[in-house]
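Below is one structure, written out as structure tokens; the observations come after it.
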Amino acid sequence: MTLTISVLGDRPDLLDAFWGMESPWPEFMRHDPIGGLFYGNLEERFADFVLVAQDDVGEVVAGAYSVPFVLDGAELPDHGWDAVIRSGLLASIQGSDPNALSAVEIAVRRDRQGTGLSSRMLAAMRTNAARLGFDELVAPVRPSHKADVHEPMASYAFRTRDDGLPVDPWLRVHVRAGGLIDKVAPRSMVIPGTLEEWREWTGLPFDRTGPIEVPKALAPVWCDVEHGVATYVEPNVWVRHRTSG
């Protein structure tokens, strides 16, 4: 399939179609309180870091989001996804010079998933990072099959097949593209909510205190019936990609 990939800053006319794509994520993930700091400022502050893909007939079929941020030291933050979005927005507001670039999300239209678009968008994101002067693209990766495996991320992230590639398909895409698994971000995304909110997001009763297994979650959600709240702490896996050399 012929794919035309544009920088959103150059094609603001594609924004409505871009937002019109159905979200591939479970409902509860749409309620991370940090996420709005990026998506709500996407057009105004981060449009040069967002890519939009169109197919042969001009329909928007995929998007790739990234954010420039300030990395303090060499080690990537334990609070991965949330950390880079907070840092990126603060840098933009304060006029600070970011020294790192992180992927935030690759989204593929549901009817085009499984066609290799994710890997093509990843390659395009690396190319855009180099164009913008970054020699590395980092990514707090959400392993695609971790939700089906009851195993700590600290071990799952580093499990490999006989050929040495990761057992997880999405991590495997990153490694095949030249990425290096760096570390686990144990609290990459934190989603708190009332029990009523979690019931609405998941359709589950949330009627007992303790860990609750939620479909498509990478770790159990902790439910506190006595206090009427539940909190999800999602681990991700940091991957580093060189953009040149």
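Under the classification rounded if a/c is under 1.5, otherwise prolate if a/b is larger than b/c and oblate if not, where does region 182-227 fall, given a ≥ b ≥ c as square roots of the Cα gyration tensor eigenvalues? Walk me through the intermediate numbers first.
Numbers: a/c = 2.16, a/b = 1.89, b/c = 1.14.
Since a/c reaches 1.5 and a/b is larger than b/c, the shape of region 182-227 is classed as prolate.
Looking at the square roots a ≥ b ≥ c of the eigenvalues of the Cα gyration tensor of region 112-158, which shape do they give, rounded for a/c under 1.5, prolate if a/b is larger than b/c, or oblate?
Numbers: a/c = 4.85, a/b = 1.63, b/c = 2.98.
Taking the square roots of the gyration eigenvalues as a ≥ b ≥ c, region 112-158 is oblate.
What ranking do 13-25, 160-172 get when scored by the average of other Cβ atoms within 10 Å per residue, highest first?
Values: 13-25: 13.6, 160-172: 15.2.
The peptides rank, most packed first, as 160-172, 13-25.
Mind putting a number on the dipole of the chain about its Cα centre? Charges go on the C-beta only, +1 for Lys and Arg and -1 for Asp and Glu, and I need it in Debye to the nearest 20. Walk me through the intermediate numbers first.
Numbers: 23 positive and 35 negative charges, 149 e Å.
With Lys and Arg at +1 and Asp and Glu at -1, about 720 debye.
With a cut-off of 11 Å, note down the residues of region 173-209 whose backbone N falls inside the zone around a label point 7 Å from the Cα of H31 toward its beta carbon.
Hits in region 173-209 for H31 at 11 Å: 191-204.
Expressed as a whole percentage, what fraction of the accessible surface of region 146-221 belongs to carbon and sulfur atoms when a 1.4 Å probe is rolled over the protein heavy atoms?
Working: 2210 of 4030 Å².
Of all accessible area on region 146-221, carbon and sulfur atoms account for 55 percent.
How would region 52-184 be classified by its alpha-carbon gyration tensor: rounded, prolate or oblate, with rounded meaning a/c under 1.5 and the a/b versus b/c comparison settling the rest? Present the calculation step by step, with values, prior to reporting the outcome.
Numbers: a/c = 1.85, a/b = 1.11, b/c = 1.66.
The shape class here is oblate.
Going 7 Å from the Cα of E44 in the Cα-to-Cβ direction, what parts of region 88-112 have a backbone nitrogen less than 17 Å from that spot?
Counting backbone N atoms under 17 Å from the label point, the list is 88-96.
Give me the base-10 log of I(q)/I(0) for region 128-181 at each q in 0.20 Å⁻¹, Debye formula, one uniform scatterer per Cα, rounded to two decimals.
One equal scatterer on each Cα of region 128-181 leads to -0.73.
By accessible area of protein heavy atoms, probe 1.4 Å, what ranking do D82, D111, D97 get, highest first? Before the final figure, lay out the partial values.
Numbers: D82 10, D111 100, D97 135 Å².
Highest to lowest solvent-accessible surface, that is D97, D111, D82.
Let me check against my output: what whole-number percent is the relative contact order of the chain, with C-alpha pairs under 8 Å and at least 6 apart?
Working: 462 pairs, mean separation 48.5, N = 245.
This gives 20 percent for the chain.
Distance from a point 7 Å along Cα→Cβ of S23 to each backbone N in region 35-63: keep the residues under 14 Å and list them by number.
Residues 35-40 qualify, since their backbone N sits under 14 Å from the label point.
Express in nm, to one decimal, how much length is gained between T115 and S96 on full extension, taking 0.36 nm for each residue of separation and deducting their alpha carbon distance. Write out the running numbers ahead of the final one.
Numbers: separation 19, 0.36 × 19 = 6.84 nm, distance 3.89 nm.
Gain on extension, T115 to S96, equals 3.0 nm.
So if R0 is 25 Å, what FRET efficiency would A130 and T2 give, r being the distance between their Cβ atoms, rounded to the nearest 0.05? Mind showing how you got there, number by number?
Details: r = 23 Å, r/R0 = 0.91.
So, using R0 = 25 Å, E works out to roughly 0.65.
I need the helices of the chain that pass two filters: whole DSSP H segments spanning 27 Å or more by Cα along the axis, and mean Kyte-Doolittle score no lower than 1.0. Don't skip to the end; give the middle numbers.
Working: long enough: none.
Membrane-span-like by this rule: not one helix.
Which entry is the computed P(r) over Cα pairs in 10 Å bins from 0, in percent for this structure: [x] 7, 31, 37, 18, 5, 1, 0; [y] 7, 27, 30, 21, 12, 2, 0; [z] 7, 30, 37, 21, 5, 0?
Evaluating P(r) over Cα pairs in 10 Å bins from 0, in percent on these atoms matches [z].
Using the Cα centre of region 36-88 as the reference point, and only Cβ charges (+1 on K/R, -1 on D/E), how large is the resulting charge dipole? Debye, rounded to the nearest 20.
On the way: 2 positive and 10 negative charges, 36 e Å.
Dipole size: approximately 180 debye.
Please compute the per residue accessible area over the chain with all protein chains in place, 1.4 Å probe, rounded to a whole number of Å².
Details: 11700 Å² over 245 residues.
The answer is 48 Å² per residue.
The values are calculated or read from the model by the stated rules, or taken from the named source; none is laboratory data. Predicted model, so just to flag it, every value in this text is computed and none were measured. Here the Cβ is made from the backbone with ideal geometry for all residues, glycine too, and neighbour counts use every protein chain on show. With ligands, DNA and RNA removed, areas are computed over all heavy atoms of the protein, side chains included. Shrake-Rupley method; radii C 1.70, N 1.55, O 1.52, S 1.80 Å.
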